[in-house]
Amino acid sequence: MVTGLLATACGSSNTSTGSKHRVPPTASMKPLDKVGAGEGLLNLIAWEGYVDDSWKKSFEQTTGCQVHAQYAGSSDEMVSLMQNGGGGQWDMVSASGDADLRLIYGGDVKPMNEKLISDWQNFQTYFKNPQYNTIDGVHYGISLQWGPNVLLYNTNKFKIAPTSWSAVYDNSNKGLVTAYDYPITIADAALYLSKSQPSLGIKDPYELTKKQFDATVALLMQQRQLIKKYWPSASEEISMFQNGDAFIGAAWPYQTIQLKAAGAPVADTIPSEGATGWGDTWMLATKAPHPNCAYLWTQYVSTAKVQAEQALFFGETPVNTKACGEMEALQAGSCAQYHASEPGSYIDTIHFWKTPETTCADGSENCIPYDQWVSAWTTIKG
């Protein structure tokens, strides 16, 4: 596990957001200006299910690039495997937003040329240049799929739909609540406090000063007595709701869809405070041995057809706006189920995962970095 980021680097100002940050070590590396013939091999680090045979085989047959995938169980594992620019072994990683900046500032991934990905122009506007993978207009990867962290609840237990995340911190729900077992969950509580305690001055749930961080940790320590279980996998949360062991908690749309399909009385919502969410990115290793195959793969998985297939296989939402029709052809009603047709205003309510860093948006070094989130999460769970 990588628990810290590079301590020193030059600062720069992002004029589009007004935020200040360091210059990534690979920022000056020029990306490919054209895709050549494939090298015959492609080594990927990916979430399980992201390199399924149902779409991998067609890619291999078309390009001659034989794909070998190492599945990782967490963002921390991905960061560890990608150390030293992929070590000259790995070509790409399907990193989530809580890993991206660690990889970027660790020098383990390098810029990509989005102009070589023809479907990039069809992406939802937000996912063309999200803050978690794009810095000063330089793309350190190409967005892939995303999902919101919704509030899932049992409709028999909660006759009136909850409208606030306060429900998961309410003492009357003791023993009924579930929460995702990962340090980035701290951001969920920070987002809630940004609205319920505005005096704390939280503007970004991933950029917390010590005072803001301590208040967030205190809230989660109080919540611990309400938690039935911290779930490490979606299947465990599904089982808890099916068995009547839990009745409310943070979830992904995947859990809601699976539970409804099984006849469980559940619904989900994005509360008034908004929600956190995750966005995955295919990132190119700094020492990638097969860059042409890597670009060919990125072109392929960015197409509407493959995005739709992956979305339905894994239970997530494609970034390609053209994928909706493909999803409907495969499974009627799936486009709406997975929020694939939502307008930009919906996406604006979601605060997507990004790696907590010491450097705050104003350029100060007062924010709590990810390694302290990890330590705090261990303490929170007891």
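Those helices (runs of 4 or more DSSP H) of the stretch 316-382 in which at least 1 residues are of a type in the set (Lys, Arg) and on the phi < 0 side of the Ramachandran plot, considering only elements entirely within it, cover 370-381. Looking only at residues in the stretch 287-314 that are crowded, with 23+ Cβ neighbours inside 10 Å and among the hydroxyl-bearing types (Ser, Thr, Tyr), the one that is farthest from SER54 (Cα to Cα) is TYR295. Scanning the stretch 285-315 for residues that are more than 15 Å from VAL67 (Cβ to Cβ) and either part of a loop (DSSP other than H, G, I, E, B) or not assigned by TED's automatic domain parsing to the domain that holds ASP91 (or both) turns up THR286, LYS287, SER302, THR303, GLY315. ASN154 meets all of the listed conditions (1) within 15 Å of MET283 (Cβ to Cβ); (2) modelled with pLDDT of 95 or more; (3) not hydrophobic (A, V, I, L, M, F, W, C) but one, namely (1).
Pairs meeting the criteria (first residue in the stretch 268-281 and more than 19 Å from PRO183 (Cβ to Cβ) and part of a loop (DSSP other than H, G, I, E, B), second residue basic (Lys, Arg) and modelled with pLDDT of 95 or more, beta carbons under 9 Å, at least 6 apart or on different chains) are SER272/LYS195; GLU273/LYS195; GLY274/LYS195. Residue count for the stretch 293-314 under the criterion of being touching a Pro at 6+ places or on another chain (Cβ under 8 Å) and in contact (Cβ under 8 Å) with a residue 60 or more places away in the chain: the result is 4. Taking the condition surrounded by fewer than 23 Cβ atoms within 10 Å (Cβ to Cβ) and among the aromatic types (Phe, Trp, Tyr), does TRP146 pass? No; evaluated as a whole, the condition is false for this residue. If you filter the stretch 26-54 down to residues that are more than 23 Å from ASP108 (Cα to Cα) and touching a Phe, Trp or Tyr at 6+ places or on another chain (Cβ under 8 Å), you find that the one that is surrounded by the most Cβ atoms within 10 Å (Cβ to Cβ) is ASP52. State which residue is nearest to PRO205 (Cα to Cα) when the search covers only the stretch 216-259 and only residues that are buried (at least 22 other Cβ atoms within 10 Å of the Cβ) and among the small types (Gly, Ala, Ser). Among those residues, the one meeting the criterion is ALA250. Of all the residues in the stretch 202-248, those that are touching a helix residue (DSSP H, G or I) at 6+ places or on another chain (Cβ under 8 Å), more than 28 Å from GLU48 (Cα to Cα), of a type in the set (A, V, I, L, M, F, W, C) and free of Cβ contacts under 8 Å to residues at least 40 places away in the same chain number 2.
The values are calculated or read from the model by the stated rules, or taken from the named source; none is laboratory data. Everything quoted here is computed from the prediction, not taken from an experiment. When we count neighbours, we look across all protein chains shown, and the Cβ atoms used for this are built from the backbone with ideal geometry, even at glycine.
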